[in-house]
Amino acid sequence: MTKLEELIIKRIQETGPISISTFMRECLLHPKYGFYTQRDVLGSDGDFITSPEISQMFGEILGLCLAQYWIDLNRPDRFALVELGPGNGTLMLDILRAGSSVNGFIDACKIYLVEASSKLKRQQQKKLSQFNVNWITDDLLLPKIPTFFIANEFFDALPVKQYQRKNDLWYEIQVGLKNAQLSLSMSQLPSNHPELETRFKDCVTGDLVEISDDALRISNLIGQIINNEGGCALIIDYGDWHSLGSTLQAVKSHKFAKIFDRPGEVDLTCHVDFEALARNSGCAYSRLTAQGVFLERLGISDRANLLLKNSRPEYKHSILSAHRRLTHPDEMGTLFKVLGLFSKDQNSPAGLIK
Ligand code: SAH
């Protein structure tokens, strides 16, 4: 049993069952025993690998997409570039390197990172040491200038609550105890949540829905900033337009695990409900687009061919396999989706369609 599991069990014994969101938050971000705070989670030696860690092509394409949007806004002389959940800082570095090929883009750019883990903050500081970087909280207090947001595999890490429909009521699924072990149970009393009101039409008795209050709050803040100051957001993650059923999953060392296995040592994530993000943002949004399609539209195959032409023979295989992993439907190409948010009087970012 991990130290964190002991703490959670003690808490439930003292005050009763807790929300799944409380359990997730403790497991992921507990200051001493949390997954993101204690482990090197990203990369082949860690627990999972993300698109920017697979290849520089991913960040380069996103960087050029943002630079094009900056040009479309008539090159504002100051704008904020905000990354939510920047991990090792690799994506931001690749975005800035690609963006530096566009005259004036980097000089106009003020960089902001939203990161909950102090361990990862230190890595970001090291990786981005040549730039002036500011860390802010997820309240997103930013200067009033056009703002571009990037979030790759951020929203899936935000805690969710689960609710199950029983006739005209919803009951929360919680984390309680059975024989002194962590176990899921149904709340005694029904729950209210404005989002649940929107789900009566597509759910029947027995259906389960997931709601992330953090995701709703943050997407609403992003939307307000984009509507007021101009700019856009690129949100990339696994999930669907609507989530239905439990998508809570655990991963450790690149393999699926059980959600109550070794709390704090296992990644816990959920599929993203993109419809809820789009609606709560209150701004214009693109069609939800498969990552492979988005990257192909923006020229990832041309970029891969150029890298192949200029690379030493021993690197050619890894370029080809990275291209496949990022775009192929059997790999990350269709599981991962891209949602663009933008102000109502603007076009969608390149590679996406209104
Ligand atoms: N975007 C990166 C890392 C994805 S992992 C990449 O693609 O490689 C998720 C990231 O979100 C990590 O940096 C993690 O520490 C951060 N994170 C998770 N929950 C968070 C929260 N509630 N607030 C801020 N950052 C969070």
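Only the coordinates and a few stated rules stand behind these numbers; no lab work does. All values derive from a computational prediction rather than experimental measurement. All Cβ positions, even for glycine, are placed from backbone atoms using ideal geometry, and neighbour counts span all protein chains on display.
Remarks
- Top positive-direction residue, dipole computed over the chain with Cβ charges, set Tyr285, His242, Phe155: Phe155
- Acute angle (nearest 10 degrees) that the helix 213-229 long axis makes with the longest principal axis of the chain, alpha-carbon atoms: 30 degrees
- Evaluated at q = 0.07, 0.09 Å⁻¹, the base-10 log of the normalised Debye intensity for the chain, with identical point scatterers placed on the Cα atoms, takes the values -0.31, -0.51.
- Nonlocal amide H pairs with Val272, under 5 Å, H built at 1.01 Å: Tyr238, Gly239, Asp240
- The chain, relative contact order [Cα under 8 Å, separation at least 6], %: 20 percent
- Karplus-derived HN-Hα couplings along the range 158-174 (A = 6.51, B = -1.76, C = 1.60, θ = phi - 60°), whole Hz, x at Gly and Pro: 7, x, 10, 9, 10, 10, 10, 7, 9, 6, 9, 10, 10, 10, 7, 8, 10
- Degrees, to the nearest 10: 118-127 long Cα axis against longest axis of the chain: 10 degrees
- Above-threshold pairs, the threshold being 18 Å between Cα atoms, out of Lys178/Lys252; Lys10/Lys178; Lys178/Lys258; Lys110/Lys144; Lys10/Lys255: Lys178/Lys252; Lys10/Lys255
- Along the axis of the charge dipole computed for the chain (Cβ charges of +1 for Lys and Arg, -1 for Asp and Glu, origin at the Cα centre), the listed residues Pro143, Ile300, Phe23 are led at the positive end by Ile300.
- Average silhouette area of the range 56-192, convex hull of alpha-carbon atoms, in square nanometres: 12.6 nm²
- Spin-label model distance (nm) - Lys354 vs Leu141, 7 Å beyond Cα toward Cβ: 3.6 nm
- Kirkwood-type radius of the range 278-342, with distances r between different C-alpha atoms, in Å: 13.1 Å
- For the range 2-89, the ratio of Cα radius of gyration to the globular rule of thumb 2.2 N^0.38 Å stands at 1.62.
- With the convex hull constructed from alpha-carbon coordinates only, the range 129-190 shows a mean projected area of 9.1 nm² over all directions.
- Dipole in debye (nearest 20) - the range 278-354, about Cα centre, beta carbon charges: Lys, Arg +1; Asp, Glu -1: 100 debye
- Couplings 3J(HN,Hα) of the range 90-101, computed from phi: 5, 4, 4, 4, 5, 4, 5, 5, 5, x, 5, 7 Hz, in residue order, whole Hz [Karplus 6.51 cos²θ - 1.76 cosθ + 1.60, θ = phi - 60°; x for Gly and Pro].
- Here, P(r) means the percent of Cα pairs in each 10 Å bin from 0 to the largest distance; for the range 201-331 it is 10, 26, 31, 24, 8, 1.
- Phi-derived couplings, Karplus 6.51 cos²θ - 1.76 cosθ + 1.60 at θ = phi - 60°, listed residue by residue for the range 271-286: 5, 7, 8, 5, 4, 5, 5, 4, 5, 6, 5, x, 10, 6, 9, 7 Hz, with x used for Gly and Pro.
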